[in-house]
Amino acid sequence: MTERPLHGKLIGSSVIASVAARAARETPGILRLGPPLGQLLARVRSAARNTLRRVPDAGYRTGRDAVFAAVSGGCATVDVGVATDARLSALEVAADLQERIREALHRTGVSVGSVNVTILAIEEPPSPAAPGR
């Protein structure tokens, strides 16, 4: 064992949101990410409260991906809205995504409270571009 002290790093909600967004983009059956309406409204309320009082790490939403993550009491909560491929079971894709996000966050050492997946749409995947276009 070494005599050097161990130095830990805190992982904030922005990193958690990025890890969750990456897991979503890599999950088969996820066509795109998008913000659930309820989450957008919650963010507006939260932003209004936080302007009145500073709350450290109150939550983070990735810009394009609209993945919301918050850390409270050392435990992470993740909310993500997705569009799934119509050729697959949307519930199975969502369950797979929940598990992938949990595993990805577990590998970072983060304690996971809840992972909430909202299925915003079930769509046909885009057709591949014709050759020569």
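Coordinate-derived values only; no laboratory data. Every value quoted in this text rests on a predicted model; they were computed, and no experiment measured them. Ideal geometry is used to build each Cβ from the backbone, glycine not excepted, and the neighbour counts take in all protein chains shown.
A few points about this structure:
- Near Pro125: Cβ cut-off under 11 Å, other residues only, Lys/Arg at +1 and Asp/Glu at -1. The net charge is -1.
- When you count the other C-beta atoms within 10 angstrom of each residue and take the mean per peptide, 17-25, 85-93, 70-78 line up highest first as 17-25, 70-78, 85-93.
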